[in-house]
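The values are calculated or read from the model by the stated rules, or taken from the named source; none is laboratory data. Computed from a predicted structure; not experimentally measured. Methodologically, a virtual Cβ is constructed for each residue, glycine included, from the backbone with ideal geometry; neighbour enumeration extends over all protein chains shown.
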Amino acid sequence: MSSPILLSVALGADRDYPVIVGDGVRHELASLIPSGSRRVAVVTQAGLPVEVDPGREHRVFTIGDGEQAKDLATVGELCSAFSRWGLTRADCVVGVGGGLVTDVAGFAASVFHRGLPVVHVATTLLGQIDAAIGGKTGVNLPEGKNLVGTYWQPLGVLCDTEVLATLPPREWRCGLGELAKYHWLGGGRLDELPLPERVAACVRIKADVVASDEREGGRRALLNYGHTLAHAIETVGRHDLRHGEAVAIGLVFAAELARDLGRIDDAEVAEHRRVVAAYDLPTEVPDGLSVDELVEAMGRDKKVLGDGLTFVLDGPAGVEVVEGIAAARVRAVLERVRGDAPRGS
């Protein structure tokens, strides 16, 4: 077994925190719990085959599966359960699971008693390379993804690559969709690295971006590459596609839109399609989704900055935020990337 890889999210002013990557690192949880914490609330999902020991009195609180559980009602139920148990501001919350769990657990921790410490044990590829890192928490509204949330940095994150072997194939591909975007954010040939090093490479990129732009005032928006359409697909499609599947489609769409705007050439579009297809991910917007509804949902995206639509797009200077794209142009490109919905598994 290789040694764990220790990384850091460098926020300064005594706010730096560790991210530990490697097989079996979930067993290091007790070392990340504040010494003064008397109790630990472990937030997870029923049936998740990962147990943790925070080294002091703890109780497990389960939330539902699927995006329908990622809402304000779930956060309210968690906070009520914390209160009934007697959790105090001196105690701690631990999120054990994928991005849905760490988003919900982090949000609940940020608002209960106006803020409790939180530690994440990320158990999915998506959680380890993206969702658990950086302090963004959030839940969905019927109108869109992650429209209500907070910035609440964890005390530490454990990315146990050992548990990734338990992921169902579709959950694994969901993480690969998020991983694919890192190819254009400085990751290079990620698919040639051993798994722990691949996860660590993504964490390094995200940690560097978060350290330079904690609250998404500029550079951090680049981490949303492929996400504007992805979130619209998830909302309009009622989450029939997993997040990473939708991101994969969003990456291909972003490449097609960038070519339409004269930012990249045919070869770069082909490279986007090659990377996405090599990860066994979908490349086309499902036929059953309304283009008008997708454009409307993208117009409500929290990244929209002014007139027209806002996207993160590739270009001569690399990936950057592009504002003011006409809805008519977006519709035309969407029509070109339609197809059959990918099969589930």
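A few points about this structure:
- Test: Leu176 is outside the structural domain of Gly99 (by TED's automatic domain parsing) and closer than 26 Å to Leu294 by Cβ: no
- Residue that is at pLDDT 95 or above, farther than 25 Å from Arg242 by Cβ and under 22 Å from the mean Cα position of the chain (by Cα), where the choices are Gly22, Gly86: Gly22
Okay, residues lined up against (1) hydrophobic (A, V, I, L, M, F, W, C); (2) modelled with pLDDT of 95 or more; (3) within 23 Å of Lys136 (Cα to Cα); (4) out of contact with any strand residue (DSSP E or B) (no Cβ under 7 Å at 6 or more places or on another chain):
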site	(1), (2), (3), (4)
Val40	yes, yes, yes, no
Thr44	no, yes, yes, no
Glu57	no, yes, no, no
Asp91	no, yes, yes, no
Gly95	no, yes, yes, no
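- From the list Thr102, Thr44, the lone residue that is in contact with a Gly (Cβ under 8 Å, 6 or more places away or on another chain), part of a helix (DSSP H, G or I), surrounded by 13 or more Cβ atoms within 10 Å (Cβ to Cβ) and not aliphatic (A, V, I, L, M) is Thr102.
- Every listed requirement among (1) buried (at least 22 other Cβ atoms within 10 Å of the Cβ); (2) of a type in the set (Ser, Thr, Tyr); (3) modelled with pLDDT under 95 is met by Thr166 save one, (1).
- Residue that is surrounded by the most Cβ atoms within 10 Å (Cβ to Cβ), among those in region 296-324 that are in a helix (DSSP H, G or I) and modelled with pLDDT of 90 or more: Met298
- Complete set of residues in region 194-208 that are free of Cβ contacts under 8 Å to residues at least 60 places away in the same chain and among the aliphatic types (A, V, I, L, M): Leu195, Ala201, Ile205
Table: residues versus (1) modelled with pLDDT of 95 or more; (2) not β-branched (Val, Ile, Thr).
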| site | (1), (2) |
| --- | --- |
| Glu214 | no, yes |
| Gly218 | no, yes |
| Val236 | no, no |
| Glu268 | yes, yes |
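- Residue count, region 105-136 (criterion: more than 13 Å from the chain's Cα centre (by Cα) and either over 21 Å from Gly76 (Cα atoms) or surrounded by fewer than 24 Cβ atoms within 10 Å (Cβ to Cβ) (or both)): 9
Let's see how each residue does on (1) modelled with pLDDT under 95; (2) of a type in the set (S, T, N, Q); (3) not in a strand (DSSP E or B):
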| residue | (1), (2), (3) |
| --- | --- |
| Leu116 | no, no, yes |
| Val121 | no, no, no |
| Gln128 | no, yes, yes |
| Ile133 | no, no, yes |
| Thr137 | no, yes, no |
| Asn140 | yes, yes, no |
| Asn146 | yes, yes, no |
| Pro154 | no, no, yes |
